[in-house]
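Novice: After the structure tokens below, expect a handful of questions from me.
The values are calculated or read from the model by the stated rules, or taken from the named source; none is laboratory data. Since the structure is predicted, the reported quantities are computational estimates derived from the model, not experimental observations. Cβ sites come from the backbone with ideal geometry, for glycine too, and all protein chains shown count toward neighbours. Please note that ligands, DNA and RNA were not included when accessible areas were found on the heavy atoms of the full protein model with its side chains. Shrake-Rupley method; radii C 1.70, N 1.55, O 1.52, S 1.80 Å.
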Amino acid sequence: MTKYEIRQGKLCYGSKVLGAEDDILVESTQKDVRDFVERSQIPKVVVCKLEVGDYVFATGEGKTVALEEKRGGDFESSFSGGRRRGQRQLRECRAAADVAGLALRGDYSRVDLDQWEYAIPSDMVLEIVKWQVLGGLVVPLPTAPGQLLEELWKLRAILRPGSHLYSVVAGTDKKM
């Protein structure tokens, strides 16, 4: 299976060089993000055809991360019925990158906690939990392209190795 990997400072997929190791790669079919990047001429963001995932980047230690984006209706249709397209896409991300994630794109920050059950249907919550149990990331991303890119940069920084990863949740009692 072909994987995303870092070779000589470049982020590659098989023999194809996609960008520098510190770039964030955006699938060219993500029209709103593509248009925003082209209009704003944002450095270190490369729009290209990705074989797997919608967003790809590398962590500071050279691990590759592939995120498959799902929005409201697409999220539900991808995981329901007999098609299971979403599960296949996440498996492909897991096979092609060191870290795979499901990026839920929408404005979930505006949902009141008492209405959360209506924001994501219960059978979709089950799909999210299954993905997390298998070790996958679940990342909420905002709708606005500029904010989305900011969140991807933050996620990239969070996934870099360092003392910022130590926490009670991680089970680390090391004194800082």
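Novice: I'd like the full set of residues that are closer than 15 Å to residue 159 by Cα, among the small types (Gly, Ala, Ser) and over 14 Å from the mean Cα position of the chain (by Cα), limited to segment 53-107.
Specialist: Listed by number, the residues that qualify are 60, 62.
Novice: For residue 29, only one of the following conditions fails: (1) touching a residue at least 40 places away in the same chain (Cβ under 8 Å); (2) more than 23 Å from residue 135 (Cβ to Cβ). What is its number?
Specialist: (1)
Novice: Quick check on my filter: what residues within segment 129-155 are in a helix (DSSP H, G or I), of a type in the set (A, V, I, L, M, F, W, C) and either surrounded by fewer than 13 Cβ atoms within 10 Å (Cβ to Cβ) or modelled with pLDDT under 85 (or both)?
Specialist: Once the filter is applied, which keeps residues that are in a helix (DSSP H, G or I), of a type in the set (A, V, I, L, M, F, W, C) and either surrounded by fewer than 13 Cβ atoms within 10 Å (Cβ to Cβ) or modelled with pLDDT under 85 (or both), segment 129-155 yields 129, 133.
Novice: Across segment 31-79, what is the number of residues that are polar (S, T, N, Q), open to solvent by 50 Å² or more (accessible area, probe 1.4 Å) and not in a helix (DSSP H, G or I)?
Specialist: 1
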